[in-house]
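Enquirer: The structure's right below; bear with me while I get my questions together.
The values are calculated or read from the model by the stated rules, or taken from the named source; none is laboratory data. This is a predicted model, so every value here is computed, not measured. Don't worry about glycine lacking a Cβ; one is built from the backbone with ideal geometry, like all the others, and counts go over all protein chains shown. Side chains included, ligands, DNA and RNA excluded: accessible areas come from the protein's heavy atoms. Shrake-Rupley method; radii C 1.70, N 1.55, O 1.52, S 1.80 Å.
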Amino acid sequence: MHALTEAGHSYSSAARELGLDRHTVRKYARARTWHEVMRRPPRRPSTLDPYLDYLQQRWDEGEHSAKILHQELLAKGYLGHYQRVKMAVAPLATGPASGRAARTSTLPA
């Protein structure tokens, strides 16, 4: 896209050649970095952010129950919901260092 527009092709001409809409070509051709074409705004701070290090520490110590972790956070002053804690620890459970055995399946003979 950049090669075509830098070579002097119009947005319409580049769009026809690439099979894209003219507005799409213009958007990407004007962007200097990929960050400029991202639609997702930066993540807003969460009420859970101040407790993320604690969650990681407790996870590393072996506490993998979101329910228990939520109760511990409530005792520390966290006012948020259980669901947010559950969503925060979910990636830890699927990570490579989760300590869980990998599932294996055996096919019938």
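Enquirer: Would you point out the residue of the range 87-101, among those that are open to solvent by 90 Å² or more (accessible area, probe 1.4 Å) and not polar (S, T, N, Q), that is modelled with the highest pLDDT?
Expert: We begin by selecting, within the range 87-101, every residue open to solvent by 90 Å² or more (accessible area, probe 1.4 Å); these are 87, 94, 96-97, 100-101.
Remaining after also requiring not polar (S, T, N, Q): 87, 96-97, 100-101.
On the way: Met87: 93, Pro96: 58, Ala97: 52, Arg100: 46, Ala101: 46.
Applying the filter and picking the extreme gives Met87.
Enquirer: Do we find a residue being modelled with pLDDT of 85 or more, open to solvent by less than 90 Å² (accessible area, probe 1.4 Å) and of a type in the set (S, T, N, Q) anywhere in the range 59-68?
Expert: Going residue by residue through the range 59-68, those that are modelled with pLDDT of 85 or more are 59-68.
Now narrow it down to the ones that are open to solvent by less than 90 Å² (accessible area, probe 1.4 Å): 59, 62-66, 68.
Then keep just the ones that are of a type in the set (S, T, N, Q); that gives 65.
Yes; the residues of the range 59-68 include at least one that is modelled with pLDDT of 85 or more, open to solvent by less than 90 Å² (accessible area, probe 1.4 Å) and of a type in the set (S, T, N, Q).
Enquirer: Filter the range 16-63 down to residues that are aliphatic (A, V, I, L, M) and more than 30 Å from Glu6 (Cβ to Cβ), then give me how many there are. It would help to see each step written out before you state the result.
Expert: Step one: of the range 16-63, the residues aliphatic (A, V, I, L, M) are 18, 20, 25, 29, 31, 37-38, 48, 52, 55.
Next, from what is left, pick out any that are more than 30 Å from Glu6 (Cβ to Cβ): 48, 52, 55.
Total satisfying the criteria: 3.
Enquirer: While we're on this one: Against the condition closer than 30 Å to Ala90 by Cβ and in a helix (DSSP H, G or I), how does Leu55 come out, does it pass? Explain how you work it out, then say what you get.
Expert: Values: closer than 30 Å to Ala90 by Cβ: yes; in a helix (DSSP H, G or I): yes.
Yes.
Enquirer: Return the residues of the range 10-28 that are modelled with pLDDT of 90 or more, assigned to a helix (DSSP H, G or I) and of a type in the set (D, E, K, R); say none if nothing qualifies.
Expert: Matches in the range 10-28: Arg16, Glu17, Arg22, Arg26.
Enquirer: List the residue pairs whose Cβ atoms are under 8 Å apart, where the first residue sits in the range 31-54 and is at pLDDT 95 or above, the second is surrounded by fewer than 11 Cβ atoms within 10 Å (Cβ to Cβ) and part of a helix (DSSP H, G or I), and the two are 6 or more positions apart or on different chains.
Expert: none
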